[in-house]
Amino acid sequence: MNSQTIVIIAVAVFMGWFAIGMIYNLRRGDKILKWMRDGLPLIGQRTTFRWLGTSVAEMGIAKAKRPFQRLDTLLVLKPRDVFWMTIIAFFQGRDDVLIFRAALSTPPLLDLELADPKTWSGREALAKATKRGWEGTDYRDLHLMAPKGLLGLAQETLDKLADPMQSLSPRFLRLSLRKTAPNMELHLPFPDPGRTDAKMYFQSLSNFGRAIGERN
């Protein structure tokens, strides 16, 4: 087998990998987007939508219903279309992630980071909090960080949010609360469209945002 044949085979393999990965991601993302249609009206009317390459879809609701003012949703899929990026993602522990970024009608009382240190987004968030000099402690199966002197209040806040969190998703990859917008950022595993009711899901998301702003 000469070098030209090897190059042709390699190019064919990489192009085939790219096509299969791209089609898979687009179909998987489209399935989640179609599932969202029944639940999104509870939040507001979609105003923007775009695919950012083949691995990220972004959707914005500029005038959301309370407790939100604005909600941006990102579908972040593993980069299955590029071979070496797929390998890197595997070793990073990356998976498909649903991200909600929201400006709330009533912001939280404090800043905090709750994240899974085994995930790529969790590691990054916790590393940034460490650089800010925040304090940290384990919280259930995750790691919690907050500004110095506020770690106890952060734990109390999460205790109050436990029920709406569990109602929304059995697993959280990251929860970020900020007193300034965006006030809330959530990283969650993709829901199963076949087993999860979209209306109940987005109602739980709304209830969670409302609970963040409660003052008693």
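Sorting the segments 130-142, 105-117 by their residues' average number of neighbouring beta-carbon atoms within 10 angstrom, most packed first, yields 105-117, 130-142.
In percent, rounded to a whole number, the relative contact order of the range 65-216 is 30, using alpha-carbon pairs under 8 Å and six or more apart.
Packing order of peptides 43-56, 163-176, highest average first: 163-176, 43-56 (average count of other Cβ atoms within 10 Å over each peptide's residues).
Every read-out reported here was derived from the displayed coordinates using simple, explicitly stated rules and does not represent laboratory data. No experiment lies behind these values; they were computed from the predicted model shown. Cβ coordinates were reconstructed from backbone atoms using ideal geometry, including for glycine residues, and neighbour counts include every protein chain displayed.
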